[in-house]
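Below: the structure, in structure tokens.
What follows is calculated from the coordinates using simple rules that are stated; it is not laboratory data. Fair warning: this is a prediction, and the values are worked out from it, not measured in the lab. Methodologically, a virtual Cβ is constructed for each residue, glycine included, from the backbone with ideal geometry; neighbour enumeration extends over all protein chains shown.
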Amino acid sequence: MRLSIRQLTKYFEGKAVLDDISLELSDVHSLAVIGPSGGGKSTLLRIIAGLLVPETGKVAINGREIPVEEEYLRRYRMTIGMVFQSYNLFPHLTALENIVLPLQRVHHMGREEALSQSGRLLHRFGLSAHGHKKPALLSGGQKQRIAIARAVAIRPSFLLFDEPTSALDPEYTSEVLDVIEELREERKDLILVTHEMGFAKSVADHVLFLDEGKIVSSGTPSEIFENPAEKRLRVFLDKVLKY
Ligand SMILES: Nc1ncnc2c1ncn2[C@@H]1O[C@H](COP(=O)(O)OP(=O)(O)OP(=O)(O)O)[C@@H](O)[C@H]1O
Ligand SMILES: [Mg+2]
């Protein structure tokens, strides 16, 4: 994907959470966003998802600007798959219906087609035996794979992941990362906010380091992890890679 960010600023309560950031990436398939807590990673992702509107600046993806009017935004959001840390599944629906319902309601797919597409995805992500269960009966890793299946089901133009594994026990982290890795291998474009440095290093073709609302570093995984030029980045990596 092509990603163009021009002088983007977002304020919360008078404070610039994204502070005049600009970025041009012309051919990126998997972009990892790293950085300390509160640095603005989720805010940036939510703007790219069309869930938040910035105060100033523009974001364009593949040459198309993200709209600001609610009506166009609603349509834009329907083209994106987003996966959150907290799964955001409907608790009263089964795993299968969590995938089926948005296809029917939002994307106006017929019930039969929605059911067969969702069944295929459950199978693919190793969840066929769990389709009838409600989220409360699923493990964290299973819930997150359902959330990913739901995001992929709509055939999005790209996928956004906001710390998809940080609520998971370590034993479930790899099953979710495996699914993301598979999507990357299929050349699905994705942007991933993550605390998993090893994963960012192996899966991303470009990495952004965001701190205090600024893009402090932007580079290839080897530039970021092996030759970090900026002091703030080195301090951050020393801290997170310590143990
Ligand atoms: N809806 C909101 N209202 C007020 N302040 C907010 C809101 N959302 C985020 N913030 C503030 O904006 C700053 C950036 O938040 P953001 O969630 O983007 O950080 P982050 O990099 O994703 O952090 P983390 O790694 O902890 O998820 C924080 O100081 C946060 O408190
Ligand atoms: Mg966040």
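Taking N as the number of residues in the range 178-228, what is its alpha-carbon radius of gyration divided by 2.2 N^0.38 Å? Spell out each step's value before the answer.
Working: Rg = 11.4 Å, N = 51, 2.2 N^0.38 = 9.8 Å.
That ratio works out to 1.17.
The spacing between the range 6-31 and the range 177-243, judged by their C-alpha centroids, is 16 Å.
Taking the fewest neighbouring Cβ atoms within 10 Å as the starting point, the ordered list for Val100, Val216 is Val216, Val100. In plain terms, the chain from Asn88 to Lys15 could stretch by 23.5 nm, reckoned as 0.36 nm per residue minus the Cα-Cα distance. With each label modelled as a point 7 angstrom along the Cα→C-beta vector, the Ser128-Glu185 pair spans 2.0 nm.
What residues of the range 1-41 lie in the reach of a label at Glu212, counting those whose backbone N is under 14 Å from a point 7 Å from the Cα along Cα→Cβ? Under cut-off, by backbone N: 16-20, 36-40. The alpha carbons of the range 44-169 stretch over 47, 36, 24 Å along the principal axes, in descending order.
With the convex hull of the Cα atoms taken as the outline of the chain, the averaged projected area works out to 13.4 nm². Taking a temperature of 4 °C and a viscosity of 1.567 mPa s, what whole-number D in µm²/s does Stokes-Einstein yield for the range 91-156 with Rh from Kirkwood over alpha carbon pairs? Reported coefficient: 113 µm²/s. Say R0 is 41 Å: what FRET efficiency, to the nearest 0.05, do Thr56 and Ala167 get from their beta-carbon distance? The computed FRET efficiency comes out at 0.80. Panel note: the C-alpha atoms of the range 1-110, placed on their principal axes, show extents of 43, 30, 28 Å (largest first).
Past 29 Å, Cα to Cα, is the threshold; run Lys41/Lys231; Lys10/Lys242; Lys41/Lys242; Lys41/Lys239 against it and keep the listed order.
Numbers: Lys41/Lys231 19 Å; Lys10/Lys242 32 Å; Lys41/Lys242 22 Å; Lys41/Lys239 18 Å.
Checking Cα-Cα distances, Lys10/Lys242 exceed 29 Å.
Applying 0.36 nm per residue to the separation of Arg120 and His29 and subtracting their alpha-carbon distance, the gain on full extension is 30.3 nm.
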